[in-house]
C-alpha cells in the first residue's frame, strides 16, 4: 500500500522520470554483467584451463574484458545521474517545506522551536537524500543481477540452486521485525537530532547571556547530554539495519555448505565438471552480494521512511488564517482607513488574551495602546494584520471584516515597525526594500534620510550597500530600529503600526525620528504600542488596556483627570 509520504516523494520524482529511467537502464546493464561474468567462468575452466584450447584464450579474455568495461561505464553513468537528481530532489523538498511553513500561523511556531524546524527541513531532507539513491540502485541493478545470476545457477544445476537458497524464505519474519524496529528508532534519532539543533540555536543566540552569567560549562553539559541521547537513538537504528544483511549471510553460509558437500561428491564421481561447479559457485557467491544489499536497503528504506514521514508531516499542518473563496477587494483609503475591533476575543490555546476588546482607530489620527505587560497589545497588531483571526467578534477596516479579504492583499496596507526589529543578512538597502522592491533609489535615499539613518550610513564603508550581518548584528540596536523605520516609510502604506518604534534610540535620535514618524503618519491611520507614556502624550486617542479589555480611553489630559489606571501608570513612571 502506497502511503501519503511515498506519494509525495513520487510526485517530486515525476518531473525527473526521463533521467531516472535512463539511470535504471544503466543499472540494469551493470547488473546483467554479473550474470555474464559468472557464465564465462565455465568455458574458462572447462575449455581453456582443462581442455587447453588455445584458440579460445583471446576470445574468453576479450569477453571478460568487455563485461568489465560495460560494467564500469554503466556504473559511472547511473551514479552521476543519480547524484544530480538526488541533490535536485533534496533542494525541491526543502523549498516545498519552507514555502509551506511560511504559510502557517503564529501558534505553530510557538510550539515548534526554530532548531527543530531547521532539522525537519535540512536534516531530514539530507538524511533522505543519502538513503534513496542506494535504494533505487539496488532495485535497478541488484534485482537484474539477482535474476541473471540465478539464471546461470539454474542453467548449471537446479538442485544445487534450490539447496543454496532453501533458507531464504525463513528470513521473512525476522527481516520484517528488524525493518519495523529500524523505522521506529530512526524516527527517535531524527527527533533527537532536532533537539540538538534547537540546543545549538539557543546557545548561539544567547551567547552573550551565557558568557555574562558564566554558564558555559552548564550549557556544554546540556549539549553533551542531548548528543548522548541522539547517539543512542542513532545507534539503535543502525544496529537494526545492520542485522538484516547479517541474517542473509547466515543463510548463505548454510546454503554454501550444503552445495559444497552435495556438489563435491558429484564432481568426484564424474557427474559434474569443475567448470560447471566454478560457474555455479561464482554465480551463487555473487547472488548473495546483491541479496545482502537488497536486505540492507530494506533497513535503509525504513530509515528513509522515518525522514520522509517527518517531512510530509509538516505538509499536513494547515494554517487557520486563509483567504476566503471569493476575497473582497481592499477598500479605497478615502482620507485614510478606519480600524475597529468589535467585542473581540482571542486565546492562545487555552490561555485567553483578549476578552471582549472594542475600540476604534480613526483615519488620519494617532491611536496609542498602553497598559501593563500581558494586556494583549501586541495581539491586537497580529489581528489587524491577520497573522491571527479572532475567535469571537470582528476586526474591520472601513467597515469590512478583515476575514473577507486576502491576508496578503490586506498586509500591503500596513507599514510595521516592531520593537524586535527583524533584519536579514543582506545589505542595508535590501533590508529597507523588503516588500517595496519596486521603489526607486531616490525614494530609498529619502526614506533613509527621513528615518535619521543618513548620519550613521555616512560613516559606513559602503553606505547603504553595507551588509547588515546575521540578524542585523553588524548594527547597533538604535541603527537597526532606524532601518526598520525607513522600511515602513519606503513602503508608504496607509496604516502605520508602531510597536515601541523609538525604544532603542537615544534622546536626540528619538526626537528626530518621532518628527519623521509624525510626518510619515500625516493623513494615515497610526496605531502605537507604548510602554513609555511620554512618547504618546500627543496621541489623538489613548486606549488603556488591562487583562484583554479596554479599561479607559481618551486623550492624555482627560485620562490624567479621570485618575484611573492611566493616571496610576503615569504616576509610577514620573514619580520623581
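The values are calculated or read from the model by the stated rules, or taken from the named source; none is laboratory data. Fair warning: this is a prediction, and the values are worked out from it, not measured in the lab. With ideal geometry, Cβ positions are generated from the backbone for all residues, glycine too; neighbour counts draw on all protein chains shown.
Of the residues that make up the range 405-413, is at least one surrounded by fewer than 16 Cβ atoms within 10 Å (Cβ to Cβ) and touching a helix residue (DSSP H, G or I) at 6+ places or on another chain (Cβ under 9 Å)?
yes
Quick check, is residue 409 closer than 16 Å to residue 383 by Cα, at pLDDT 85 or above and assigned to a helix (DSSP H, G or I)?
Against the criterion (closer than 16 Å to residue 383 by Cα, at pLDDT 85 or above and assigned to a helix (DSSP H, G or I)), residue 409 qualifies.
From the residues in the range 333-358 that are touching a strand residue (DSSP E or B) at 6+ places or on another chain (Cβ under 9 Å) and on the phi > 0 side of the Ramachandran plot, which one is surrounded by the most Cβ atoms within 10 Å (Cβ to Cβ)?
Applying the filter and picking the extreme gives 336.
So that you can scan it fast, the table gives a plain yes or no per residue for (1) out of contact with any helix residue (DSSP H, G or I) (no Cβ under 8 Å at 6 or more places or on another chain); (2) more than 29 Å from residue 461 (Cβ to Cβ); (3) not in a strand (DSSP E or B):
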{"site": "379", "(1), (2), (3)": "yes, yes, yes"}
{"site": "416", "(1), (2), (3)": "no, yes, no"}
{"site": "421", "(1), (2), (3)": "no, no, yes"}
{"site": "424", "(1), (2), (3)": "no, no, yes"}
{"site": "437", "(1), (2), (3)": "yes, no, yes"}
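Return the only residue of 361, 325, 329 being under 18 Å from residue 493 (Cβ atoms) and surrounded by fewer than 18 Cβ atoms within 10 Å (Cβ to Cβ).
329 is the lone residue from the list that is under 18 Å from residue 493 (Cβ atoms) and surrounded by fewer than 18 Cβ atoms within 10 Å (Cβ to Cβ).
Got a sec? Which of 547, 504 is at pLDDT 85 or above, more than 24 Å from residue 442 (Cα to Cα) and either touching a strand residue (DSSP E or B) at 6+ places or on another chain (Cβ under 9 Å) or surrounded by 14 or more Cβ atoms within 10 Å (Cβ to Cβ) (or both)?
Answer to the check: 547.
Looking only at the range 426-457, how many residues end up being more than 28 Å from the chain's Cα centre (by Cα) and more than 13 Å from residue 479 (Cα to Cα)?
11
When you check residue 375 against the structure, is it assigned to a strand (DSSP E or B), surrounded by 21 or more Cβ atoms within 10 Å (Cβ to Cβ) and either out of contact with any strand residue (DSSP E or B) (no Cβ under 6 Å at 6 or more places or on another chain) or touching a residue at least 60 places away in the same chain (Cβ under 8 Å) (or both), yes or no?
no
Can residue 513 be described as in the same structural domain as residue 386 (by TED's automatic domain parsing), buried (at least 22 other Cβ atoms within 10 Å of the Cβ), modelled with pLDDT under 85 and within 23 Å of residue 364 (Cα to Cα)?
yes
Matching residues to (1) within 28 Å of the chain's Cα centre (by Cα); (2) modelled with pLDDT under 90; (3) part of a helix (DSSP H, G or I); (4) in the same structural domain as residue 544 (by TED's automatic domain parsing):
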| position | (1), (2), (3), (4) |
| --- | --- |
| 300 | yes, yes, yes, no |
| 322 | yes, yes, no, no |
| 343 | no, no, no, yes |
| 346 | no, no, no, yes |
| 360 | no, no, no, yes |
| 364 | no, yes, no, yes |
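Residue check: is residue 275 more than 30 Å from the chain's Cα centre (by Cα), at pLDDT below 75 and within 30 Å of residue 390 (Cβ to Cβ)?
no
Can you name the number of the only condition in (1) within 38 Å of the chain's Cα centre (by Cα); (2) farther than 28 Å from residue 570 by Cβ; (3) exposed (fewer than 15 other Cβ atoms within 10 Å of the Cβ) that residue 388 fails?
All conditions are met except number (3).
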